[in-house]
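The values are calculated or read from the model by the stated rules, or taken from the named source; none is laboratory data. Model, not experiment: these values are computed from the prediction. Note that we place each Cβ from the backbone using ideal geometry, even for glycine, and neighbour counts take in every protein chain shown.
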Amino acid sequence: MNLHEYQGKELFAKYDLPVSLGRVISNAEDAINACRDIGGNKWVVKAQVHAGGRGKAGGVELINSPDEAVAFAKKWLGKKLVTYQTDSDGQLVSSILIEECTDIADELYLSAVVDRASQRVVFIASSEGGVNIEEVAKNSPEKVIYESIDPLTGAQPFQARKISKVLGLNQSQTKQFSKILPNLMKLFVNHDLSLLEINPLVITAGGNLHCLDAKINIDSNALFRQPEIAAMHDPSQEDERESEAAKNDLSYVSLDGNIGCMVNGAGLAMGTMDTIKYFGGSPANFLDVGGTATQERVAKAFKLILADPEVKVVLVNIFGGIVRCDLIAEGVLAAIEEVGVSVPVVVRLEGNNADKGSEILENAKVKIESLNNLKDAAKKAVELTS
Amino acid sequence: MSILVDKDTKVIVQGFTGAQATLHSEQSIDYGTNIVGGVTPGKGGQIHLERPVFNTMNEAIDEVNPNAALIFVPAPFCKDSILEAAESGIELVICITEGVPTLDMLMVKKRVDELGVRLIGPNCPGIITPGEAKLGIMPGSIHMPGSVGIISRSGTLTYEAVKQTTDLGLGQSSCVGIGGDPIPGSSFIDILKLFEADDETKAIVMVGEIGGSAEEEAAEFIKSSVTKPVISYIAGQTAPAGKRMGHAGAIIAGGKGTAADKILKLKECGVHVAENLLEIGSKTVEVINS
């Protein structure tokens, strides 16, 4: 689960990390009071969306009067911001962060992730901030340092000193960083983060370290013990169908093609998409109905798939492991009746009681293409779209 | 021979009295697996599926002397259950549960490694040695004793590979689902080592998917240390970048962990790549016969 920048900064503040004084607004009229509360005569206004690249897309501006803040808020609230990290529709702006302006002397990069290879939390830092870190890592690897932290010991000051050296920090900044690093690690572990990125971490004109951005991703599997974080969830940032699916314990990702897919298991679902492409077709979605595909879930899955107007045919691929294929077949029929499916349906049932399942489908009143191997089923589905 | 489990494996089921554990334990018992009892805190002294229930792993060890633990407890309690099993001195722990927090696994993995306990999973179908023992949720009926060792990050995709090798008459020595989570208890490499040392295994099928670099690391290991032929299929060749595909592991970010990268690396290291899911079985036959 992703957090907005302002939510990330609220967490940062709790861990004594240096962030700008700011206010969040969701009504343009509140911009005036927000600017007054913050004080000064220069502010930064930032559209809050779950995507990077906001600055280049016009979602971040430097302003000199509260009226400009109102104008910015009116321009963006309720609109969608399109950046290079969003899809072509963009992400809805439902709040705006107004902050005091920070004079920047230098921009650095700092992030932390759970590294699969080393099985540790790894901090990544670079003297090149505010830019695409992947390019820096590729073109000048000497400017990027990776520091692995044992979650049992936490981050130690010596590790902060090590990173500081690569970042080119002076003595006073190194001292500041020796507080920042352990606190970030504490935040990471206490709140079950899977990713944390501060880009840029800046050195202010006054020579102090300052977190100018906050990108936080939380491990969704841990939300049961992070009620405070779970409450920060903003469904407006997610694809409507994807969040509807998540509510029903279905894993759904919409894609560009026209063959709706319903599969049990994520790996097999990807394998099915690959097979469709192999035969020249194009999947409309990834959908995993899970290991226990009940009639109810199959019906919900059909509804989701058919909500996409591009879908010309539905391919159901179920490998009945523990679930019995005859029950799945009945589930598919009931779902079709309930939902009212007008496009052709191709079903491949394999495994537990597959013969019985196929028989049920063949004798059904509605026309279903029942095939017992994936090759024929995928071919058939592709054929039906052309 | 086989790897990890056989007809002599004595299994203790943690979370034994729960609905999922009951369903799958019944099927495992029907398959011939030697389940010697279960652990459910607070239900010690009861009899479930004609087997004793214990409050703690230590009691179970003292009373029925199991050598493998199979875990079905809900995700929030897996850290506790895995550590309890590992600290009890058992050699093999298999965690089926999906949705274990990553940071829990980070700590658990460190401890099981220290103790020298082998952990399989979480978020996996388990292990089966066809005709001998089934410690997991896979359908027993599609398996057949034979010569192919199967390792996979995915559940139903493994069944597809199993079905194909059964239909073509090869059968399996053992099948291990290592799970799709970012921090799995055992890696492809851990299991490749076991199949390499197993006399009955003639060829190894490795089913991978997009995300992470486990397949690339396995490819390097195969090149340097595996003499048996390895056949591989990578799922997610058509998955768009940046989209999360169900498994926590199956995410492509920043051009790393794509199917194309993995396939290239596997081929470079001498692995036989099945370009399509449908060709896993036929490719394996082809490689064994060549």
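Summary of computed values
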read-out: Complete set of residues in region A:149-178 that are in contact with an Asp or Glu (Cβ under 7 Å, 6 or more places away or on another chain) and either within 14 Å of chain B (Cβ to nearest Cβ) or surrounded by fewer than 18 Cβ atoms within 10 Å (Cβ to Cβ) (or both); value: A:Lys162
read-out: Subset of region A:185-198 [crowded, with 18+ Cβ neighbours inside 10 Å and either without any contact (Cβ under 8 Å) to a residue 60 or more places away in the chain or closer than 16 Å to A:Leu108 by Cα (or both)]; value: A:Asp192, A:Leu196, A:Glu197, A:Ile198
read-out: Conditions (1) modelled with pLDDT of 95 or more; (2) surrounded by fewer than 17 Cβ atoms within 10 Å (Cβ to Cβ); number of the one not met by B:Leu23; value: (1)
read-out: Yes/no for B:Ser141 being facing chain A (nearest Cβ under 10 Å) and either closer than 21 Å to B:Gly257 by Cβ or buried (at least 24 other Cβ atoms within 10 Å of the Cβ) (or both); value: no
read-out: Residue satisfying condition, being in contact with a helix residue (DSSP H, G or I) (Cβ under 7 Å, 6 or more places away or on another chain), at pLDDT below 95, on the phi > 0 side of the Ramachandran plot and surrounded by fewer than 15 Cβ atoms within 10 Å (Cβ to Cβ), within set B:Gly254, B:Gly246; value: B:Gly254
read-out: Subset of region A:148-188 (residues that are of a type in the set (D, E, K, R) and in a loop (DSSP other than H, G, I, E, B)); value: A:Asp150
read-out: The lone exception for B:Ala218 - which of (1) within 16 Å of B:Leu92 (Cβ to Cβ); (2) hydrophobic (A, V, I, L, M, F, W, C); (3) crowded, with 24+ Cβ neighbours inside 10 Å it fails; value: (1)
read-out: Tally, over region A:121-147, of residues that are over 22 Å from A:Met185 (Cα atoms) and outside any helix (DSSP H, G or I); value: 3
read-out: Residue tally, condition part of a loop (DSSP other than H, G, I, E, B), closer than 18 Å to A:Asn27 by Cα and either touching a Cys at 6+ places or on another chain (Cβ under 8 Å) or not basic (Lys, Arg) (or both), over region A:63-116; value: 6
read-out: Checklist (1) among the β-branched types (Val, Ile, Thr); (2) modelled with pLDDT of 95 or more; (3) in contact with a helix residue (DSSP H, G or I) (Cβ under 7 Å, 6 or more places away or on another chain) applied to B:Ile137, failing item; value: (2)
read-out: Condition broken by B:Ile189, with the remaining ones in (1) over 19 Å from B:Glu275 (Cα atoms); (2) touching a residue at least 40 places away in the same chain (Cβ under 8 Å); (3) within 13 Å of chain A (Cβ to nearest Cβ); (4) in contact with an Asp or Glu (Cβ under 7 Å, 6 or more places away or on another chain) satisfied; value: (2)
read-out: Flag if B:Thr17 is at negative phi, in contact with a His (Cβ under 9 Å, 6 or more places away or on another chain) and crowded, with 19+ Cβ neighbours inside 10 Å; value: no
read-out: Residues of region A:352-386 classified as out of contact with any Phe, Trp or Tyr (no Cβ under 7 Å at 6 or more places or on another chain) and either within 14 Å of chain B (Cβ to nearest Cβ) or over 21 Å from A:Asp326 (Cα atoms) (or both), total; value: 19
read-out: Evaluation of B:Ser147 against (1) more than 9 Å from chain A (Cβ to nearest Cβ); (2) surrounded by 24 or more Cβ atoms within 10 Å (Cβ to Cβ); (3) more than 17 Å from B:Lys265 (Cβ to Cβ); (4) among the hydroxyl-bearing types (Ser, Thr, Tyr) (one fails), failing number; value: (2)
read-out: Residue check for A:Leu201: buried (at least 16 other Cβ atoms within 10 Å of the Cβ), at negative phi and in contact with a His (Cβ under 8 Å, 6 or more places away or on another chain); value: yes
read-out: Residues that are assigned to a loop (DSSP other than H, G, I, E, B), surrounded by 21 or more Cβ atoms within 10 Å (Cβ to Cβ) and in contact with a Lys or Arg (Cβ under 8 Å, 6 or more places away or on another chain), drawn from region A:323-353; value: A:Asn352
read-out: Exclusive hit being closer than 26 Å to B:Pro182 by Cβ and touching an Asp or Glu at 6+ places or on another chain (Cβ under 9 Å), set A:Pro235, A:Pro283, A:Pro227; value: A:Pro283
read-out: Flag if A:Val45 is buried (at least 19 other Cβ atoms within 10 Å of the Cβ) and part of a strand (DSSP E or B); value: yes
read-out: Candidate set: region B:77-112, residues that are free of Cβ contacts under 8 Å to residues at least 60 places away in the same chain and of a type in the set (Gly, Ala, Ser); chosen: the one nearest to B:Gly155 (Cα to Cα); value: B:Gly99
read-out: Single residue of B:Ile210, B:Ile178 found to be modelled with pLDDT of 95 or more and either within 12 Å of another protein chain (Cβ to nearest Cβ) or at negative phi (or both); value: B:Ile178
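Every residue, every condition in (1) in a loop (DSSP other than H, G, I, E, B); (2) more than 7 Å from every other protein chain (Cβ to nearest Cβ), yes or no:
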site: A:Lys277; (1), (2): no, no
site: A:Gly280; (1), (2): yes, yes
site: A:Phe286; (1), (2): no, no
site: A:Glu296; (1), (2): no, yes
site: A:Ala299; (1), (2): no, yes
